[in-house]
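Asker: Before I ask anything, let me first share the structure, which is written out below as structure tokens.
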Amino acid sequence: WSGNHRYPVSGYLNSSNKVLTPIERMLISLQADGSVMGCTPSGREAKRRDVVWSIKKEHKIKRLIEILDSTGIDYNRRTRILDKYGEYTVVSLRLPDDIDVDSIKTFDWVDLANLNTQYVSDFLEEVSYWDANRDGESVAYYNSNKKAIDKLQAMAVLGGYTAYQSINRTAEQSATCERPQGGLPLTTKTTYRLSFRKRDEKVYPKRKDIEYDGIVYCVTVTDGNVLTRRRGCVSIQGNCIHQLTYEKLLS
């Protein structure tokens, strides 16, 4: 029970040589700052493949144009001026037919079993350009889509990053935020924050004994490691190996 023990908080999955493509970089930016016309709040299929970005920040505009030029997809660019909020760059295009429109906002197009550390690093680096703040080695990414946050946290832990998930602003609090086009939003969403940094171990100096009277369960896994998430934090533990220990004593 001495302090300053280092515990694993992430691992390294290298199941492929997959490389992050310009199309995938476009989908990352679209998830954060774009609107997908084929996705409707009711879940009804809209049968549309057109998407649009409306961006004010110059570094985001520059990044988006660089990505789109590298994809080879035709796009339209125009300027929109709002009296109260200034000038916006509006970029629109039609998605290729092989892209699943419904998977964009949730990152469902990412296969967790088909990752490598370089792909994860490139993916999270691209994520940091969109709706994120960087503080040294740490990045805080903000998104109202819980499934997207869950997918990014899983990717991070599989790619050598520690990742912590929390609520940045509740739906009730977001009702006080005025929209760029004016007025308060009638429908509001909870905004989540995912904080991640490149780190596979962490020191936990504060630990204590807790009295417990109940059942302790073991699970069956292939390599003896159990990965859990509680209150937004991911933890890796060793599984109970009573049977293996007993067999060793018998031998």
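Read the figures in this text as sums done on the coordinates, not as results from a lab. Bear in mind the structure is a predicted one, so any value in this text is a computation, not a measurement. Cβ sites come from the backbone with ideal geometry, for glycine too, and all protein chains shown count toward neighbours.
Asker: Which order do the peptides 53-65, 225-237 come out in when sorted by mean C-beta neighbours inside 10 angstrom, highest first?
Answerer: My ranking of the peptides, most packed first, is 53-65, 225-237.
Asker: Given a cut-off of under 8 Å on Cα pairs at least six residues apart, what relative contact order in percent is computed for the range 20-158?
Answerer: 25
Asker: Additional query: Determine the sum of side-chain charges near T79: Lys and Arg each +1, Asp and Glu each -1, restricted to other residues whose C-beta is under 12 angstrom from that of T79.
Answerer: Here the count lands on +3.
Asker: Which shape class applies to the range 90-175: rounded if a/c is under 1.5, otherwise prolate when a/b exceeds b/c and oblate if not, where a ≥ b ≥ c are the square roots of the Cα gyration tensor eigenvalues?
Answerer: Oblate, because a/c is 1.5 or more while a/b does not exceed b/c.
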